[in-house]
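Structure, as structure tokens:
The values are calculated or read from the model by the stated rules, or taken from the named source; none is laboratory data. As the structure is a prediction and not an experimental result, all values here were calculated from the model. Cβ: placed from backbone, ideal geometry, glycine included. Neighbour counts: every protein chain shown. Heads up: the accessible areas ignore ligands, DNA and RNA and are worked out on the full protein's heavy atoms, side chains in. Shrake-Rupley method; radii C 1.70, N 1.55, O 1.52, S 1.80 Å.
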Amino acid sequence: PAVTSPCKILKCNSEFWAATSGSHHLGAEEAPEFCTALRAYAHCTRRTARTCRGDLAYHSAVHGIDDLMVQHNCSKDGPTSQPRLRTLPPGDSQERSDSPEICHYEKSFHKHSAAPNYTHCGLFGDPHLRTFTDTFQTCKVQGAWPLIDNNYLNVQVTNTPVLPGSSATATSKLTIIFKSFQECVDQKVYQAEMDELPAAFVDGSKNGGDKHGANSLKITEKVSGQHIEIQAKYIGTTIVVRQVGRYLTFAVRMPEEVVNAVEDRDSQGLYLCLRGCPLNQQIDFQTIRSAQATEGRARRKGPSLPAPPEAFTYETATAKCREKLPVEDLYFQSCVFDLLTTGDVNFMLAAYYAFEDVKMLHSNKDKLHLYERTRDLTPGNTAPTGAHATLWVALLCLCWLCLL
């Protein structure tokens with residue numbers, strides 16, 4: 001039912017990484033084996049070229065292969081089998097402990113000032129967004145949308161329908177671009193999609209490249225195929241990506257200074273973690289939840305949903321969500337909403353892990369739980385609600401009286 005990408009670049013990346021794991025600093029005797037793996041990598045990318053034309057990770061991989069061919073003096077002609085190269089002994093890796101101070105955010109940016117203020121953004125489920133300002137929204141946002149777009153990195157998610165004909169969507173693809181930064185890191189691209197959660201960047205590396213501070217950016221696999229963590233120390237940022245069921249969740253901890261590092265903030269209309277979802281993409285799931293409680297089934301704006309694969313009533317959904325989320329906050333309410341709209345119990349786990357990531361990443365432990373759905377009333381996201389709506393009505397009535 002869910003849309004899958006025909007582009008298989010992640011498979012090519014994974015095969016190359018498996019063949020060359022631990023062999024980034026090769027001796028002369030290993031160069032032929034490395035070239036063989038590179039040729040196999042190039043052959044794999046050519047096979048999927050037609051379906052990957054618009055894929056950023058594919059183009060990054062192609063350029064990376066060409067660069068590695070030149071660096072290792074590899075011929076494009078020759079065998080393409082993929083022998084498993086030997087792994088380096090413990091401690092002999094591309095990690096470096098002598099990174100320059102500029103590549104450690106807290107040491108360099110705040111040497112003579114107060115500690116930075118960290119913020120959090122998360123996206124999970126159908127999909128629910130917690131912005132850097134602790135605004136909580138449920139959004140439609142089908143297709144590709146930018147989560148983060150600042151001077152240091154870009155994050156884009158793609159959301160696809162969970163069921164045919166359903167307005168319920170979930171994150172099926174995630175692309176993160178870390179931009180080149182001084183002597184710390186080269187540009188790196190990370191990409192994950194359904195059933196492919198790599199523990200390496202698209203070029204097969206696990207850190208920031210060949211620069212002196214390369215280890216200030218690195219990927220750690222927490223649970224194979226289910227949970228990875230990316231540490232970007234040079235910008236004080238931690239990113240957590242999970243696959244729960246078939247879909248992805250995203251969470252980030254980032255200094256406020258980095259969050260707001262944009263060339264022109266007023267033009268950053270599509271930066272969901274900062275601005276939230278556009279009003280026409282937001283869903284008031286609390287109003288819908290009331291209808292679900294009284295009618296015992298899910299309703300969404302727009303056409304009626306097809307019957308989910310597993311039917312939850314409001315009572316069984318709340319009971320299921322309480323197993324993992326005992327506090328009836330917005331994470332709990334999101335869990336109930338998702339079970340009713342999708343029938344997929346994995347969405348309960350997505351809400352649970354999203355809250356676990358909040359506990360790990362949020363700097364203010366008093367703001368872990370959210371209880372009221374809120375909106376950022378920024379210039380591009382304004383709407384009269386509550387008292388504002390009452391004021392507008394009063395002003396309109398006054399205008400009519402003046403006319404009479």
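Hey, can you tell me all the residues within the stretch 131-174 that are assigned to a strand (DSSP E or B), open to solvent by 20 Å² or more (accessible area, probe 1.4 Å) and over 17 Å from P255 (Cα atoms)?
Those that are assigned to a strand (DSSP E or B), open to solvent by 20 Å² or more (accessible area, probe 1.4 Å) and over 17 Å from P255 (Cα atoms): G143, A144, W145, P146, Q156, T158, P161, K173.
In the stretch 187-210, which residues are closer than 30 Å to E101 by Cβ and open to solvent by 50 Å² or more (accessible area, probe 1.4 Å)?
Listed by number, the residues that qualify are Q187, K206, D210.
Residue check: is G225 surrounded by fewer than 18 Cβ atoms within 10 Å (Cβ to Cβ) and at positive phi?
Yes: the conditions hold for G225.
Looking at L38, L10, which one is in a helix (DSSP H, G or I), modelled with pLDDT under 80 and open to solvent by less than 10 Å² (accessible area, probe 1.4 Å)?
L10
Out of the residues in the stretch 175-186 that are within 30 Å of C139 (Cα to Cα) and not β-branched (V, I, T), state the one that is surrounded by the most Cβ atoms within 10 Å (Cβ to Cβ).
Here the answer is F178.
Give the residue, chosen from V202, V141, V185, that is of a type outside the set (D, E, K, R), assigned by the TED database to the domain that holds V241 and within 21 Å of A354 (Cβ to Cβ).
Of the residues listed, the single one that is of a type outside the set (D, E, K, R), assigned by the TED database to the domain that holds V241 and within 21 Å of A354 (Cβ to Cβ) is V141.
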